[in-house]
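Step one of this worksheet: look at the structure below.
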Amino acid sequence: MDKTHEYQLILGEFSASDASQILLEIINNKINYHNRQIFSISERFNGDVSHSEKRIKALLKTSNSLKKILIAAEKKGMLYRLIVR
């Protein structure tokens with residue numbers, strides 16, 4: 001029987017600059033995780049790393065998109081409500 005646990009990690013209103021810092025740090029951590037996975041899988045098992053490579057590409061695309069949106073929002077003085085569960 002599977003149990004679900006839910007945790008609230010981030011909840012609040014942030015300036016575009018602060019939201020950018022928070023979100024991009026999360027994305028960078030995920031990229032670093034996948035880079036470590038690639039290294040580990042390659043070194044230990046000489047296995048397939050295509051999943052992590054695809055995730056890194058997708059995360060970089062998301063990061064670039066977020067940067068553009070949040071730079072424009074910062075110029076307008078917008079606030080963002082972030083909810084990360």
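Tabulated data for the structure shown
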quantity: Scan of the range 28-44 for residues that are touching a residue at least 24 places away in the same chain (Cβ under 8 Å) and surrounded by fewer than 14 Cβ atoms within 10 Å (Cβ to Cβ), ordered by number; calculated: N28
quantity: Within the range 19-49, considering residues that are touching an Asp or Glu at 6+ places or on another chain (Cβ under 9 Å) and farther than 11 Å from L66 by Cβ, the one modelled with the lowest pLDDT; calculated: I41
quantity: Residues that are among the β-branched types (V, I, T) and either more than 24 Å from K76 (Cβ to Cβ) or touching a residue at least 60 places away in the same chain (Cβ under 8 Å) (or both), drawn from the range 45-64; calculated: V49, I56
quantity: Residue that is within 23 Å of K75 (Cβ to Cβ), surrounded by fewer than 16 Cβ atoms within 10 Å (Cβ to Cβ) and under 14 Å from the mean Cα position of the chain (by Cα), where the choices are E25, E13; calculated: E25
quantity: Selection from the range 1-33 of residues that are under 22 Å from K57 (Cα atoms) and among the hydrophobic types (A, V, I, L, M, F, W, C); calculated: A19, I22, L23, L24, I26, I27, I31
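The values are calculated or read from the model by the stated rules, or taken from the named source; none is laboratory data. Owing to the predicted nature of the structure, the values given are computational and were not obtained by experimental measurement. Reconstructed Cβ throughout: ideal geometry from the backbone, glycine too, with neighbour counts over all protein chains shown.
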